[in-house]
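Trainee: Structure below; questions to follow.
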Amino acid sequence: QVQLVESGGGLVQAGGSLRVTCANSGRTIRTYTMGWFRQGPGKEREFVAAINRWGNTAYADSVKGRFTVSRDNAKNTVYLQMSNLKPEDTAVYYCSARTSDIATREYEYTYWGQGTQVTVSS
């Protein structure tokens, strides 16, 4: 079973950086595509980034050039490095996993963490 737990969220000023982590305490995620989604206040959950088993990545246009997704299969962990943060990046960030290749829609992911809050002050 895949059990995802996010951590590393917090409060940061605009222009700052933050790294959120997704750790899996269940079976290995080595062969899974891992996705990051976020849900801002009053908004629907949206795709942020994803990385497949071969290290190929995809990003939402809104975060390209600012966010970087990476994985450490030995640690069963995925990271989302966020730089040049903006107030509109404020959201709960969720980690997700699926067995197939990169996808950008919420329903295409099978496993989900509980989320970690990221707040960017102006």
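Trainee: Can you name the residue in region 85-122 that is within 16 Å of LEU11 (Cβ to Cβ) and part of a loop (DSSP other than H, G, I, E, B) and, of all such residues, is modelled with the lowest pLDDT?
Mentor: Filtering first and then ranking leaves SER122.
Trainee: Out of the residues in region 23-38 that are in a strand (DSSP E or B) and out of contact with any Asp or Glu (no Cβ under 7 Å at 6 or more places or on another chain), state the one that is nearest to ALA91 (Cα to Cα).
Mentor: TRP36
Trainee: While we're on this one: So for region 26-41 (the condition being within 23 Å of SER122 (Cβ to Cβ), touching a helix residue (DSSP H, G or I) at 6+ places or on another chain (Cβ under 7 Å) and not basic (Lys, Arg)), does at least one residue qualify?
Mentor: Within region 26-41, none of the residues are within 23 Å of SER122 (Cβ to Cβ), touching a helix residue (DSSP H, G or I) at 6+ places or on another chain (Cβ under 7 Å) and not basic (Lys, Arg).
Trainee: I'd like the residue in region 41-60 that is part of a strand (DSSP E or B) and within 19 Å of THR90 (Cβ to Cβ) and, out of all such residues, is most open to solvent (accessible area, probe 1.4 Å).
Mentor: Step by step, filter region 41-60, then rank; the result is GLU46.
Trainee: Taking region 104-122, which residues are surrounded by fewer than 16 Cβ atoms within 10 Å (Cβ to Cβ) and within 15 Å of GLN3 (Cβ to Cβ)?
Mentor: Of everything in region 104-122, those that are surrounded by fewer than 16 Cβ atoms within 10 Å (Cβ to Cβ) and within 15 Å of GLN3 (Cβ to Cβ) turn out to be THR110, GLN114.
Trainee: Just a yes or no: is a residue in region 62-73 at negative phi, open to solvent by 50 Å² or more (accessible area, probe 1.4 Å) and more than 15 Å from the chain's Cα centre (by Cα)?
Mentor: Yes: region 62-73 contains one or more residues that are at negative phi, open to solvent by 50 Å² or more (accessible area, probe 1.4 Å) and more than 15 Å from the chain's Cα centre (by Cα).
Trainee: Condition first: modelled with pLDDT of 95 or more and assigned to a loop (DSSP other than H, G, I, E, B). Can you find one or more residues in region 68-80 that meet it?
Mentor: no
Trainee: Here is a check on your reading of the model: is ARG38 within 15 Å of the chain's Cα centre (by Cα), within 20 Å of GLY115 (Cβ to Cβ) and open to solvent by 70 Å² or more (accessible area, probe 1.4 Å)?
Mentor: No; evaluated as a whole, the condition is false for this residue.
Trainee: Looking at region 1-22, is at least one residue out of contact with any Ser or Thr (no Cβ under 8 Å at 6 or more places or on another chain), surrounded by fewer than 18 Cβ atoms within 10 Å (Cβ to Cβ) and at pLDDT below 95?
Mentor: yes
The values are calculated or read from the model by the stated rules, or taken from the named source; none is laboratory data. Everything numeric here is computed off the predicted structure, so don't read it as measured data. All Cβ positions, even for glycine, are placed from backbone atoms using ideal geometry, and neighbour counts span all protein chains on display. Just so you know, the surface numbers come from the protein's heavy atoms only, side chains and all, with ligands and any DNA or RNA stripped out. Shrake-Rupley method; radii C 1.70, N 1.55, O 1.52, S 1.80 Å.
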